[in-house]
Structure formats: C-alpha cells, structure tokens
Amino acid sequence: MPLYEHVFIARQDLSPAQAESLIEHFGTVLADNGGKLVENEYWGVKTMAYKINKNRKGHYAFLRTDAPAEAVQEMERLMRLHDDVMRVLTIKVDAHEEGPSAQMQKRDERGDRRERRA
C-alpha cells in the first residue's frame, strides 16, 4: 500500500486531550477503510504565520499512514468537514523516516545545520 504523511491544524480553543482524540478518530477512519496509522505525533499549540478563521494559534498533529488512496481520500474528506480542523496537508512518500520528525527533534540533534563563520 502507498505511504502517506499528513499534517493537520486544529482550532486553538480545544484542549490537548481533545486534539489527541482527533488523531485517534482519524486513525479509526483509516482502519475502517483498510488503512493503518503507522505513527502519530502531537506537536502541540503553535503560533501560525497568519490568521486562519480568526485564529492565531492551532494544535498541530502529524500522522504517518499506510493506506490505499480511497481510505486517504475519505479521511481527508472527513477532516475538511470537521469543524475543529482548520487545515490539512497530505504528502505521498516513498518511505517513512525512522525516529521523530524534524519538528520534534532538539536543535542539537539535527545534523543538517552548518556552523556559522565569525
């Protein structure tokens, strides 16, 4: 089955428990349609670059899935209809990276930054 990565932003006035229950809800939607939620990360409340629906902040969540295209389309459709979800981004990937995403890594753990010159 194809591999996907999803990021969605939920409204800021939700509690962290409610935001994590959204992750579980969309994971069950995938499972009901023949897919599998491989891994999920709750990134917490972050400030956005611009307002979306009069909100300055939002709960960010990251999902790694292994699902057929029909299951992903159904999950995206339900995300767009859900009142608490403001934005959704889905990307098809060749392989899932091991370990935490770049958003969850500490700055000194990321090896892709070079030293500044004085």
* Of the residues that sit in the stretch 82-114 and are at pLDDT 90 or above and charged (D, E, K, R), which one is farthest from His6 (Cα to Cα)? -> Asp83
* To do: Quickly run through the stretch 14-31 and pick out the residues that are exposed (fewer than 14 other Cβ atoms within 10 Å of the Cβ) and touching a residue at least 60 places away in the same chain (Cβ under 8 Å).
  => Gln18
* Asked: Which residues, taken from the stretch 64-78, are farther than 18 Å from Glu39 by Cβ and touching a helix residue (DSSP H, G or I) at 6+ places or on another chain (Cβ under 8 Å)?
  -> Glu74, Leu78
* Filter pass, Val72 being touching an Asp or Glu at 6+ places or on another chain (Cβ under 8 Å) and among the β-branched types (Val, Ile, Thr) -> no
* In the stretch 32-76, residue surrounded by the most Cβ atoms within 10 Å (Cβ to Cβ) [restricted to those that are small (Gly, Ala, Ser) and within 23 Å of Pro16 (Cβ to Cβ)] -> Gly58
* Go through the stretch 77-103 and give me each residue that's surrounded by 11 or more Cβ atoms within 10 Å (Cβ to Cβ), over 22 Å from Gly44 (Cβ atoms) and touching a residue at least 60 places away in the same chain (Cβ under 8 Å). => Val93
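The values are calculated or read from the model by the stated rules, or taken from the named source; none is laboratory data. What you are looking at is a predicted structure, and each value in this text was computed from that prediction instead of being measured. Heads up, the Cβs are rebuilt from the backbone with ideal geometry, glycines too, and the neighbour counts pull from every protein chain shown.
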